[in-house]
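Structure first, then comments.
The values are calculated or read from the model by the stated rules, or taken from the named source; none is laboratory data. Keep in mind it's a predicted model, so treat the numbers as computed, not measured. Glycine also receives a Cβ, built like all others from the backbone with ideal geometry; neighbour counts cover every protein chain displayed. The area values use the complete protein model at the heavy-atom level, side chains included, leaving out ligands, DNA and RNA. Shrake-Rupley method; radii C 1.70, N 1.55, O 1.52, S 1.80 Å.
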Amino acid sequence: MNLNSAITELKGVGEKRAKLYEKLGVKTVGDLLEYYPRGYLDLTGSLAIADARTDEPCAVKAVVTEKSPTKLVRRGLTVTKVRATDMERDLLLTFFNAKYIVDALKIGKEYIFYGDFTKKLTGGEMNSPLVFPAEEGGFMPQYPLTEGLSSKMISAQMRSALGEYGALVEESLSTELLEKYDLCSKREAINSIHFPPDEETLERAEKRLIFEEFLEFSLGMSLTKGKTRLANAPAFKDTDVSEFTKNLGFELTGAQKRVIADCLSDMSTDVPMNRLIQGDVGSGKTAVAAACMFAAAKNGFQSAIMAPTEVLAAQHRATLEKMFAPFGIKVGLLTGSMKQSEKTAVKAAVKNGEITVVAGTHALIQDDVEFSALGLIITDEQHRFGVRQRLALTQKGGAPHTIVMSATPIPRTLAFVLYGDLDVSVLDEMPKNRLPVKTYLVGPELSQRAMSFVRKFAEEGKQSYIICPLVEQSEEGDLPLEAAADLAERLTGQELVGCAVGLLHGRMKPAEKERVMEAFAENRIQVLVSTTVVEVGVDVPNAVCMVIENADRFGLSQLHQLRGRVGRGREQSYCILISGNRSPETKRRLEVVAKTNDGFKVAEEDLKLRGPGDFFGFRQSGIPMLKMADLMSDVNILEIAKKAAADILAEDPRLDMPKNAALSRRVQKMLEAAAM
């Protein structure tokens with residue numbers, strides 16, 4: 001009997017229920033014990049019926065006095081009424097399709113009923129309340145669920161697991177740590193997190209588990225970074241890039257100069273650089289990356305830049321070719337959609353060192369891609385790649401220096417969780433003469449006016465984007481969404497007749513996308529109707545207007561990324577958010593984007609509203625998910641845990657000491673699960 005025992009070992013868990021638990025990531029008894037509640041029903045302050053307030057969830061204690069027969073109201077709907085009393089007032093309880101609950105109630109027995117209460121003259125009423133034995137009280141855990149599993153079922157199995165296996169819970173923190181940070185034991189924390197008798201005990205359990213989670217994560221990140229830095233990277237002897245920066249044709253910002261200096265300092269040593277360059281849209285990350293590539297080339301090394309889309313990879317190639325042409329540095333492109341003969345030629349030129357800089361997509365990490373002397377790797381829009389993909393490219397060159405770039409401004413705490421194994425440089429200054437984009441939030445009734453605005457720009461020789469959330473026509477609820485293809489067709493024949501309208505979406509073939517983007521970049525297309533495929537990296541300085549249809553369908557950070565496609569020249573640019581959603585919450589959310597051009601403020605708000613799990617619209621690949629900790633409210637514990645991790649590693653760099661054995665096992669398990 002151990003914590004790795006299958007969950008079917010618990011009473012009441014057969015194969016069918018085990019499959020439901022598996023959907024929640026719970027396969028063993030140990031998994032179940034660490035499946036924490038998402039909240040609690042507070043039954044500690046059960047009210048008298050007279051004290052309960054209308055239309056507020058509350059707990060009322062009462063004795064069952066009468067049960068009426070179950071009635072079939074219509075096919076598929078039964079109603080059962082139950083009367084109860086607290087000896088002063090009466091309570092009428094109505095249960096729908098829940099005869100089994102009513103059958104379990106005993107007349108003359110006291111229960112706690114939890115639900116929305118409605119006050120009546122003689123007492124009150126509750127519909128479909130949750131029912132608990134009066135002696136239970138306390139805080140009742142509410143778990144994240146899947147269809148077929150209720151919090152009540154999970155609670156019953158949790159009690160069983162704690163009773164049979166609770167004594168096997170291993171303490172992972174040393175006595176010194178527990179005393180130094182005033183933490184309860186792991187066993188106490190596990191018991192109390194599921195069934196806390198009071199608020200104080202619950203808070204102690206939460207503090208312990210949050211601290212442990214952040215500590216393990218901090219240790220894992222430090223050990224990963226340590227392993228990377230044990231390898232010998234090429235130390236660049238000549239890091240003077242002034243010749244390159246003078247030839248750019250524009251003055252670098254102070255932030256760009258500072259970040260280039262950070263990178264060159266890293267690359268002048270034989271410790272592999274591992275740096276995140278984080279900057280808002282248009283802050284000049286490409287110029288910083290190019291300066292670093294120039295340094296690599298001067299020292300006889302190749303560079304590779306990996307982008308998430310073929311359109312962006314092709315743009316990087318075109319930009320870098322222009323920058324490096326005066327210096328004779330050859331730039332290549334490698335993407336999945338290239339002809340086999342083209343790929344073979346590029347791979348041969350990379351292998352023999354003829355190509356010094358190569359831009360590409362995932363095609364760069366294929367087994368048959370070999371480099372002559374890879375010294376620098378740059379990953380663009382890092383959050384779109386898993387840790388394994390980043391490592392696969394790193395392994396092409398022994399121990400090359402690494403830069404990852406992100407145009408998604410990431411709040412400090414989330415940056416630590418996503419990129420904790422990296423040093424961070426922030427480009428917090430925009431280029432001179434760059435005007436902030438003016439953003440307006442309007443209803444669908446102003447769509448015609450927005451299109452007139454777009455038409456006016458087209459007549460002046462300027463360009464616009466119109467962004468749609470979907471490719472095909474569909475209806476969700478009462479909000480019909482116009483597809484990008486349908487919208488492009490309508491605009492061509494109506495509001496924008498005579499304008500050159502193009503269409504771009506994710507289902508087009510890569511070569512087709514490239515042709516459209518090329519035509520837009522060369523101003524052969526005046527108005528580009530697109531899905532979010534333009535979100536990343538496309539640079540058209542002549543584009544001065546963006547209209548985003550059904551803006552409420554996008555995350556705030558995504559809207560900010562899209563907006564960043566305009567305002568890249570010296571003209572005043574505009575972004576019009578169109579939303580027919582009347583919800584006050586939606587309006588407040590969209591107004592955040594309308595009121596500020598600061599991507600970090602937008603990202604902070606987005607994180608508050610959506611939480612880290614959905615910040616990028618998908619679960620982060622290769623990153624351990626936090627079970628207990630909240631990145632917005634637990635920052636203080638995160639800082640304490642990071643310091644504790646540094647202290648532990650200063651004394652025990654490889655976690656070899658006996659007192660850290662259990663902690664080391666947990667950290668290794670976390671790293672394996674995240675493939676880090």
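For the residues Asp380, Asp240, a 1.4 Å probe over the protein chains yields an accessible-area ranking, largest first, of Asp240, Asp380.
State the number of lysine pairs found in region 75-182 whose Cα atoms come within less than 30 Å, restricting to pairs 8 or more positions apart or on distinct chains. For region 75-182, the number of qualifying lysine pairs is 18. Taken per residue, the accessible surface of region 17-95 reaches 55 Å², heavy atoms only and a 1.4 Å probe.
Please state the shape class of region 283-389: rounded when a/c is under 1.5, otherwise prolate if a/b exceeds b/c and oblate if not, all from the C-alpha gyration tensor. Note, shape of region 283-389 comes out rounded. Using a 1.4 Å probe over the heavy atoms of the protein chains, calculate the carbon and sulfur portion of the accessible area of the chain as a whole percent. C and S fraction of accessible area: 50 percent. Beta bridges from DSSP with both residues in the chain: antiparallel share about 40 percent, rounded to the nearest 5. Rounded to whole numbers, the Karplus 3J(HN,Hα) couplings from phi for region 83-96 are 10, 9, 8, 10, 6, 10, 10, 9, 10, 9, 10, 10, 10, 10 Hz, using 6.51 cos²θ - 1.76 cosθ + 1.60 with θ = phi - 60°, and x at Gly and Pro.
Percent relative contact order of the chain, based on C-alpha pairs within less than 8 angstrom and at least six residues apart? Working shown, then result.
Values: 1236 pairs, mean separation 84.0, N = 676.
Worked out over the chain, it gives 12 percent.
With the cut-off at under 16 Å, measuring from each backbone N in region 325-369 to a point 7 Å along the Cα-to-Cβ line of Glu243 picks out 325-330. Multiplying the residue separation of Lys587 and Asp486 by 0.36 nm and subtracting their alpha-carbon distance yields 33.7 nm. Accessible surface comparison of Glu212, Glu206, probe 1.4 Å, protein chains only, largest first: the order is Glu206, Glu212. Is the C-alpha gyration tensor of region 258-333 telling us rounded, prolate or oblate? Criteria: a/c under 1.5 is rounded; beyond that, a/b larger than b/c is prolate, otherwise oblate. Oblate. Ile637 contributes about 40 Å² of solvent-accessible surface, heavy atoms of the protein only, 1.4 Å probe.
Among rounded, prolate and oblate, which fits the chain when a ≥ b ≥ c are the square roots of the eigenvalues of its C-alpha gyration tensor, a/c under 1.5 means rounded, and a/b larger than b/c means prolate?
On the way: a/c = 2.49, a/b = 1.47, b/c = 1.70.
Oblate, because a/c is 1.5 or more while a/b does not exceed b/c.
As a calculated quantity, the FRET efficiency between Ser5 and Arg665 at R0 = 22 Å, using C-beta atoms, amounts to about 0.80. For Ser633, the solvent-accessible surface computed with a 1.4 Å probe is close to 90 Å², ligands and nucleic acids excluded.
Remind me, relative contact order of region 54-178 in percent, using alpha carbon pairs under 8 angstrom and six or more residues apart? Could the numbers behind the result be given before it?
Numbers: 194 pairs, mean separation 27.2, N = 125.
It comes to 22 percent, rounded to a whole number.
Pick out, in residue order, every one of the chymotrypsin sites (Phe, Trp or Tyr not before Pro) in region 256-333 that is DSSP loop and has at most 11 other C-beta atoms within 10 Å; say none if there are none. Sites meeting the loop and neighbour criteria: none at all.
When only alpha carbons are used to place a centre, region 94-160 and region 236-291 end up 62 Å from one another.
Solvent exposure of Met657, expressed as accessible area, is near 60 Å², computed with a probe of 1.4 Å over the protein chains only. Loop-located trypsin sites (Lys or Arg not before Pro) in region 310-370 (DSSP state other than H, G, I, E, B) with a sparse environment of at most 11 neighbouring Cβ atoms within 10 Å: Lys339. The largest accessible area among Arg568, Arg74 belongs to the first residue in Arg74, Arg568, and the rest follow in falling order (1.4 Å probe, all chains).
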